[in-house]
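Structure first, commentary second.
The values are calculated or read from the model by the stated rules, or taken from the named source; none is laboratory data. As the structure is a computational prediction, the values presented were derived from the model and not from experiment. Please note: Cβ atoms are built from the backbone with ideal geometry, for glycine as well, and neighbour counts cover all protein chains shown.
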Amino acid sequence: MTSTVPTAVQHTDAQPPITMFGPDFPYAYDDFLAHPAGLGQIPATEHGTEVAVIGGGLSGIVAAYELMKMGLKPVVYEADQIGGRLRTVGFEGCDGDLTAEMGAMRFPPSSTALQHYIDLVGLKTQPFPNPLAESTPSTVVDLKGESHYAETVADLPQVYRDVAKAWNDCLEEGADFSDMNRALRERDVPKIREIWSKLVEKLDNQTFYGFLCDSAAFKSFRHREIFGQVGFGTGGWDTDFPNSILEILRVVYTEADDHHRGIVGGSQQLPLRMWDREPQKIVHWAPGTSLSSLHEGGVPKPAVTRLDRTAGNRVTVTDSSGDIRTYQAAIFTAQSWMLLSKIACDDSLFPIDHWTAMERTHYMESSKLFVPVDRPFWLDKAVDDRGNPTGRDVMSMTLTDRMTRGTYLLDDGPDKPAVICLSYTWCDDSLKWLPLSANERMEVMLKSLGEIYPKVDIRKHIIGNPVTVSWENEPYFMGAFKANLPGHYRYQRRLFTHFMQDRLPADKRGIFLAGDDISWTAGWAEGAVQTALNAVWGVMHHFGGATDATNPGPGDVYDEIAPVELPED
Ligand SMILES: Cc1cc2nc3c(=O)[nH]c(=O)nc-3n(C[C@H](O)[C@H](O)[C@H](O)COP(=O)(O)OP(=O)(O)OC[C@H]3O[C@@H](n4cnc5c(N)ncnc54)[C@H](O)[C@@H]3O)c2cc1C
């Protein structure tokens, strides 16, 4: 079991698996990708036509790759690095090939469209050492100065199991958890839509914390407090308390926070390998064509600085080198706030309601700090004050209410150099680190952990400089990932459905939004992939193309599964 607090219905092999199939837009992206007919075709007269893809993160690279396979010529613009928030870095000042995942680091098996691409490029995954996960040797929960050592949830004091039960009861009582779980497993679209429509209407104005407070199961403040610290799945979720409860339900329904796996060698390899990959099935282009070979020097074009709508409903893109090019279609995958700040935009690019939605976009902040160490010393066995073995590891994956919040221990086998993520935080907890340098951060983290593990000298194992990030401080990101606040459902719906451009005025078509920001499951790479596939469908349709009748795309079945609409009055 991977959850700190188990969810109401546990997976058994007899049941179909949970996937990120809805609940807002229950479309089988995984089946669409696996179908031999492919994702669709464009008229031969359009073959070789350039399409701008702004942002070379996962969403942009997936979109560019699929457009290239259809015979279009994607022109990728990337301000920072291919990979975006799939950012894997090495450590200066120490030997070896140790890496740290500054953005995404653990992926649920329910991310089946993402998995399609992981398999395509031949990457391997391995269990990620989350709190109390089967592969995690031990976990320490340290709250209010009191530490509990646990190998399974059964080792924690009764109050933690009471909190787990309260969460299960609360989900059942307030969010039809078992029924939704069954419907998602069975891909029962009418049932998913029936349950979710009612919940969207009822809960769009509710915070995560308000949802807990409204539940009879969570009457106890103490239980809410503990729940906030240790949460479910990956640990503490109290920094999400002000967010819309709909965001949390999306995560727990789709098991986004469960059974996580890391990508061996780092997640950035995925977009990098796709950049170089020569697809076997490709229209118009010669065998051996790749995204890399379609770009001068094998690199994307630089940052976009200006976007204009020009005559004939074209999108004109200016980049930081001063190059100006005009396209019939463009896909924008970077964070929406870029359109408000770093990129000079023409108002006529989007309808006013979409601009409002982008302005209202709310981001989570997030900081991480990693250090390289000489070996996985945490697996050394502890002794008590008399020198007798306790049978415990000297240090464990740690959840705490101290500054560090979550500490992850990442090893690659005994006696090999290893990595510690000393701290991974969100929102206010992340902002606390913002003004501190990497070394100042590390000192505070070592002090916090020293209070939990007074007998362990972590510092003497450190073999290189720390690496750190605060995503809110990154000029081409400005935040970690979108998280809707109460009342944001309508904005989210506008942005997600933007690929259905027949519904927009003719002079607002041709630029397509995609990426984590407009996904229903922001903060999960699956959403970046799903929205990329929507945009690919949108571009294909824009050029007069169509899918094969045996493999309808997201836009073909849109009317049957469209996200519920709330009144605008
Ligand atoms: C701290 C953190 C932890 C996460 N953890 C997980 C996890 O464990 N599991 C999971 O599944 N997902 C996780 N995610 C989410 C996942 O990383 C994202 O969903 C995914 O990487 C987003 O891809 P994207 O292409 O939509 O956006 P991005 O990766 O942000 O790509 C957009 C690209 O646009 C570029 N850009 C910006 N401005 C311009 C410009 N003016 N011109 C050209 N290019 C521009 C950026 O440099 C960037 O490369 C995490 C994210 C963060 C930040």
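Laid out as a table, the results:
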read-out	value
Out of Leu369, Leu379, Leu339, sole residue that is surrounded by 17 or more Cβ atoms within 10 Å (Cβ to Cβ) and more than 26 Å from Thr239 (Cα to Cα)	Leu339
Single residue of segment 275-327 satisfying the filter (within 22 Å of Ala44 (Cα to Cα) and charged (D, E, K, R)) that is nearest to the ligand (Cβ to nearest atom)	Arg314
Failed item, numbered, when Met70 is tested on (1) near the ligand (Cβ under 9 Å from one of its atoms); (2) more than 30 Å from Lys342 (Cα to Cα)	(1)
Ala133 being assigned to a loop (DSSP other than H, G, I, E, B), at negative phi and modelled with pLDDT under 95	yes
Of residues in segment 177-208 being in a helix (DSSP H, G or I) and polar (S, T, N, Q), the one farthest from Arg493 (Cα to Cα)	Ser178
Any hit, segment 57-65, residues being more than 24 Å from the chain's Cα centre (by Cα) and either more than 14 Å from the ligand (Cβ to nearest atom) or among the aromatic types (Phe, Trp, Tyr) (or both)	no
Listing of helices (runs of 4 or more DSSP H) fully contained in segment 400-498 that carry 3 or more residues being more than 28 Å from the chain's Cα centre (by Cα)	438-452
Single unsatisfied condition, Ala217 versus (1) touching a His at 6+ places or on another chain (Cβ under 9 Å); (2) surrounded by fewer than 23 Cβ atoms within 10 Å (Cβ to Cβ); (3) under 30 Å from Pro127 (Cβ atoms)	(3)
Scan of segment 499-516 for residues that are away from the ligand (no atom under 11 Å from the Cβ) and part of a loop (DSSP other than H, G, I, E, B), ordered by number	Met500, Leu504, Pro505, Arg509, Gly510
Any hit, segment 123-138, residues being within 11 Å of the ligand (Cβ to nearest atom) and within 22 Å of Ala514 (Cβ to Cβ)	no
Subset of segment 364-399 (residues that are assigned to a loop (DSSP other than H, G, I, E, B) and within 16 Å of the ligand (Cβ to nearest atom))	Glu365
Test for Leu120: is it within 14 Å of the ligand (Cβ to nearest atom) and within 18 Å of Ala34 (Cβ to Cβ)	no
Answer residue from segment 45-56, given it is in contact (Cβ under 8 Å) with a residue 12 or more places away in the chain and not in a loop (DSSP other than H, G, I, E, B) and is nearest to the ligand (Cβ to nearest atom) among those	Ile54
Conditions (1) over 30 Å from Gly527 (Cβ atoms); (2) surrounded by fewer than 17 Cβ atoms within 10 Å (Cβ to Cβ); (3) touching a Gly at 6+ places or on another chain (Cβ under 9 Å): number failed by Gly464	(2)
Test result for Glu172, farther than 28 Å from Leu272 by Cα and not in a strand (DSSP E or B)	yes
Options Asp176, Asp142; residue that is on the phi > 0 side of the Ramachandran plot and surrounded by 17 or more Cβ atoms within 10 Å (Cβ to Cβ)	Asp176
Residues within segment 176-191 that are within 27 Å of Phe241 (Cβ to Cβ) and touching a Phe, Trp or Tyr at 6+ places or on another chain (Cβ under 8 Å), tallied	4
Neighbours by Cβ (under 9 Å, 6+ apart or cross-chain): first from segment 515-539, farther than 13 Å from Gln335 by Cβ; second near the ligand (Cβ under 6 Å from one of its atoms) and of a type in the set (Lys, Arg)	Ala525/Arg85
Hey, Gly553 within 22 Å of Met68 (Cβ to Cβ), within 11 Å of the ligand (Cβ to nearest atom) and modelled with pLDDT of 95 or more or not	no
From the options Pro127, Pro157, Pro137, residue that is surrounded by fewer than 20 Cβ atoms within 10 Å (Cβ to Cβ), without any contact (Cβ under 8 Å) to a residue 40 or more places away in the chain and not acidic (Asp, Glu)	Pro157
